[in-house]
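Structure, as structure tokens:
The values are calculated or read from the model by the stated rules, or taken from the named source; none is laboratory data. All values reported here derive from a predicted model rather than from experimental measurement. Glycine gets a Cβ as well: all are built from the backbone with ideal geometry, and neighbour counts include every protein chain shown. What goes into the accessible areas is simple: the full protein's heavy atoms, side chains included, and nothing from ligands, DNA or RNA. Shrake-Rupley method; radii C 1.70, N 1.55, O 1.52, S 1.80 Å.
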Amino acid sequence: MASMFTASTSIKKAVLLINDLDVTRFPLLLSRIIQKLHLKEERTFSDEEEEKLQGAFGISSKDLDLVLQTLEFILQQAAYHTAKPASLSEQLTQLQLHDDKVGIIVDAWTNGARDLVQKLRERSVHPCQLDTVDWRLNLQLAQASQSKMKLPNALFQLGIKDENKGVNENILLEFTHQELYEFYNQLETIQNQLDSLS
């Protein structure tokens, strides 16, 4: 498996801080991070909880932020790579995390991986999502300059739901027969590319 982590300056500093954290409270911290990691707009800890964590672990606000961000990053990378426990353990050891912290992280990952990966898969990357599709077929038989003609067109109304704003919006599209056929072919290409990824 490719390396999930690069030992950047901030990760090296975070590793030193994590190695110094109280080993009895560390599993609870990880458990909470795993529970909240899939929520995009919600912080893992409130301001009040972060103050308590600073006191409990004896670290500054800035250092606590670095620790939380690094632990979230480690778990996100593990989820992205669907890391096996042995591989995760090996890569965390290469970052020079102490064995007790590696064991706790791997245990937390092993126990929470399935739920976390499932929740992350369900999470949308973009707040706007297609909610409804309505369509209508029209056939134009004449116009002022031409009395006999057959010009089919399709009208689509796409209902878009914006999760951030809580608003629904309608988008109207009109296709001629040729445009609809080209659009269909593009959708087929996209579907084939998606199928090849899974």
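Brief remarks on what is shown
- Magnitude of the charge dipole, the range 1-134, Cβ model with Lys/Arg +1 and Asp/Glu -1, debye to 20: 380
- A cut-off of 5 Å between modelled amide H atoms, ignoring neighbours fewer than 5 places along the same chain, links D131 with G159, I160, K161.
- The range 38-88: GluC sites (Glu not before Pro) in DSSP loop, at most 12 other beta carbons within 10 Å: E41, E42
- Options F45, G55, Q76, ranked by Cα towards positive dipole end of the range 29-100, top entry (Cβ charges): Q76
- Whole-Å semi-axes of the ellipsoid equivalent to the range 13-129 (Cα gyration tensor, √5λ, descending): 22, 19, 11
- In sequence order, calculated HN-Hα J values of the range 146-159 (Karplus, 6.51, -1.76, 1.60; Hz; x Gly/Pro): 9, 8, 10, 7, 10, 10, x, 8, 10, 10, 10, 10, 9, x
- Local electrostatic count at F26 - Lys and Arg +1, Asp and Glu -1, tallied over other residues with Cβ under 14 Å: -2
- Shape call, the range 1-80: gyration tensor on alpha carbons, a/c limit 1.5: oblate
- Pairs of lysines in the chain (C-alpha under 16 Å apart; 8 or more residues apart or interchain): 8
- Rounded D (µm²/s) - the chain, Kirkwood Rh over Cα pairs, Stokes-Einstein at 20 °C, 1.002 mPa s: 102
- Sites matching trypsin sites (Lys or Arg not before Pro) across the range 128-185 that sit in DSSP coil, with at most 11 neighbouring C-beta atoms within 10 Å: K148, K150, K165
- Accessible surface comparison of L172, L21, probe 1.4 Å, protein chains only, largest first: the order is L172, L21.
- By average C-beta atoms within 10 angstrom, highest first, the peptides 174-183, 102-111: 102-111, 174-183
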